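**Student:** Quick one: the structure is below, and I'll ask about it shortly.
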């Protein structure tokens, strides 16, 4: 009896295994068809629609997003640009003011230094010797004009010669030194040289 039961159990197990194998073989085309259908469908399980809805809700949220209590107080791109432009404008203005202030201070210092160092074209007092160094003995060292006169009334040349005139015409009187010293000649347009 015991042997019979063992043989029966072995037969039952073999039948069960055979049935499972047949079932698996028959079920393969059905499973392949389902996979093919799911692959071809745009959203077979509704996951895409759910994700799109969740993303839209996330974009619309203004509070409690990524741990930020109120995202409406966050800076926008246009707001950041406006603040950057305002900062640039303020920096440019401050730099221009600073540059103007420094330039004015430098100019004032230069004018003050020039006033104590250089003689004005309008005149002034020299406390030291004046030396005119020219290339030729016939060069003019000093000349004097009155107003808008066309002729200078006085000329001093680098060789010591001096000329005088009426201011309305050419200079007609000359005083110069010539060897042998100490002989000075004064020559007017109508007079001879004198030496004595």
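**Student:** Filtering the range 122-147 down to residues that are in a loop (DSSP other than H, G, I, E, B) and over 50 Å from the mean Cα position of the chain (by Cα), which residue is farthest from residue 171 (Cα to Cα)?
**Tutor:** Ranking the candidates gives 136 first.
**Student:** Going through the range 152-180 one residue at a time, which ones are loosely packed, with under 14 Cβ neighbours inside 10 Å and modelled with pLDDT of 50 or more?
**Tutor:** Within the range 152-180, 160, 166, 168, 169, 170, 172, 177, 178 qualify.
**Student:** Go through the residues of the range 134-148 one by one and say whether even a single one is surrounded by fewer than 10 Cβ atoms within 10 Å (Cβ to Cβ), closer than 26 Å to residue 164 by Cα and modelled with pLDDT of 90 or more.
**Tutor:** Looking through the range 134-148, at least one residue is surrounded by fewer than 10 Cβ atoms within 10 Å (Cβ to Cβ), closer than 26 Å to residue 164 by Cα and modelled with pLDDT of 90 or more.
The values are calculated or read from the model by the stated rules, or taken from the named source; none is laboratory data. The structure presented is a predicted model; accordingly, all values stated were derived computationally and were not measured. Neighbour counts are summed over all protein chains in view; Cβ atoms, including those assigned to glycine, are modelled from backbone coordinates with ideal geometry.
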